[in-house]
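J.: Quick one: this structure, given as structure tokens, is what I'll be asking you about.
The values are calculated or read from the model by the stated rules, or taken from the named source; none is laboratory data. Model, not experiment: these values are computed from the prediction. So basically every Cβ, Gly included, is an ideal-geometry build from the backbone, and we count neighbours across all protein chains shown. Ligands, DNA and RNA are excluded from the accessible area calculation, which covers all protein heavy atoms including side chains. Shrake-Rupley method; radii C 1.70, N 1.55, O 1.52, S 1.80 Å.
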Amino acid sequence: AIPVALDLATFEDGLSAAPAAGSGRRAALTAAVDAYTGDLLPDCYDDWILPERERLRNAFAAALDELMLLAETERDYPAAIAHARRLLRHDPLHEASYRRLMRLLALTGDRAAALQIYHTCATLLRREVGVAPGPETEQTYTRLLHQDETPVTLRGEASSDTIASLVGRQEEWSSLQQAWRQASRGKPHWALITGEAGMGKSRLAEEM
């Protein structure tokens, strides 16, 4: 028998096999999106295929969106930026993705690139749909204009002070990250950090 690999099956199997949480989820989602090479049967225009094509497009976008959040959580900003750019190539008119990419670039200290993304967004929206960027995007742009260019510590480059300050706070850090991920998906959460003085509450909040 001749072995056959079907990218659609690989994509859907990767999504269904991804564990609910943990490091394995990021790896599984990465393998799934890598198998997605474009729209399902792009040369077919039959009515039956349109809902299926849209379902797969939405699943791919959702996986990329989650990968971007997972990479940012781990301070892997280059990977998060790559996912954001791929998401914009997939859907060039998704304004929220431009804002996220602007924020990620700003987190790495590349304010010039973040501002350029705004201009790309504004130009594309006006040309394709005849509208200006929304208030949230304009506010993000305005904040960037007045923000100092201060690069952040990337994954693998954390200072010894930062690492020491979070020792023994893995459970609290995980809870904060989980609340952030849920809030980023439109499910508002709040977190209250309590404890005795000198336990590192302020440092934990600053890192968050």
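J.: Kindly list the number of the only condition in (1) under 20 Å from Arg86 (Cα atoms); (2) small (Gly, Ala, Ser); (3) out of contact with any Pro (no Cβ under 8 Å at 6 or more places or on another chain) that fails for Ala20.
T.: The one condition Ala20 does not meet is (1).
J.: Within the stretch 143-162, does at least one residue satisfy the condition of being at pLDDT 75 or above and either open to solvent by less than 100 Å² (accessible area, probe 1.4 Å) or polar (S, T, N, Q) (or both)? Show your work before the answer.
T.: The initial filter retains those residues of the stretch 143-162 that are at pLDDT 75 or above, namely 143-146.
After this cut, where a residue has to be either open to solvent by less than 100 Å² (accessible area, probe 1.4 Å) or polar (S, T, N, Q) (or both) as well, the list is 144-145.
Scanning the stretch 143-162, I find at least one residue that is at pLDDT 75 or above and either open to solvent by less than 100 Å² (accessible area, probe 1.4 Å) or polar (S, T, N, Q) (or both), so the answer is yes.
J.: Let me ask you something else. Could you please give the count of residues in the stretch 196-208 that are open to solvent by less than 60 Å² (accessible area, probe 1.4 Å), at pLDDT 70 or above and of a type in the set (Gly, Ala, Ser)?
T.: 1
J.: Now for a separate question. Among the residues of the stretch 15-22, is there at least one that is in contact with a helix residue (DSSP H, G or I) (Cβ under 7 Å, 6 or more places away or on another chain), assigned to a loop (DSSP other than H, G, I, E, B) and either at positive phi or not polar (S, T, N, Q) (or both)? Outline the logic, then answer.
T.: So the first thing to find is which residues in the stretch 15-22 are in contact with a helix residue (DSSP H, G or I) (Cβ under 7 Å, 6 or more places away or on another chain), and the list is 15, 17-19.
Narrowing the set further to residues that are assigned to a loop (DSSP other than H, G, I, E, B) leaves 18-19.
In the following step, the residues that additionally are either at positive phi or not polar (S, T, N, Q) (or both) were identified as 18-19.
Yes, the conditions are met somewhere in the stretch 15-22.
J.: Based on this model, can you work out whether Thr140 counts as modelled with pLDDT of 95 or more and either part of a helix (DSSP H, G or I) or open to solvent by less than 40 Å² (accessible area, probe 1.4 Å) (or both)? Walk me through how you get there before you give the answer.
T.: On the way: modelled with pLDDT of 95 or more: no; either part of a helix (DSSP H, G or I) or open to solvent by less than 40 Å² (accessible area, probe 1.4 Å) (or both): yes.
So Thr140 fails the test.
J.: Hey, among the residues in the stretch 2-42 that are of a type in the set (Ser, Thr, Tyr) and within 15 Å of Arg53 (Cα to Cα), which one's modelled with the highest pLDDT?
T.: Tyr36
J.: Give the residue, chosen from Arg75, Arg26, Arg85, that is within 16 Å of the chain's Cα centre (by Cα) and outside any helix (DSSP H, G or I). Let's see the steps before the verdict.
T.: Details: Arg26 fails: outside any helix (DSSP H, G or I); Arg85 fails: outside any helix (DSSP H, G or I).
On inspection, the qualifying residue turns out to be Arg75.
J.: Moving on to the next point. In the stretch 177-195, what residues are in a loop (DSSP other than H, G, I, E, B), open to solvent by 70 Å² or more (accessible area, probe 1.4 Å) and at pLDDT 70 or above? Steps first, answer last, please.
T.: Filtering the stretch 177-195 for residues in a loop (DSSP other than H, G, I, E, B) gives 185-195.
Still in the running and open to solvent by 70 Å² or more (accessible area, probe 1.4 Å): 185, 187-190, 192, 194.
Passing the criteria: Lys187, Pro188, His189, Trp190, Leu192, Thr194.
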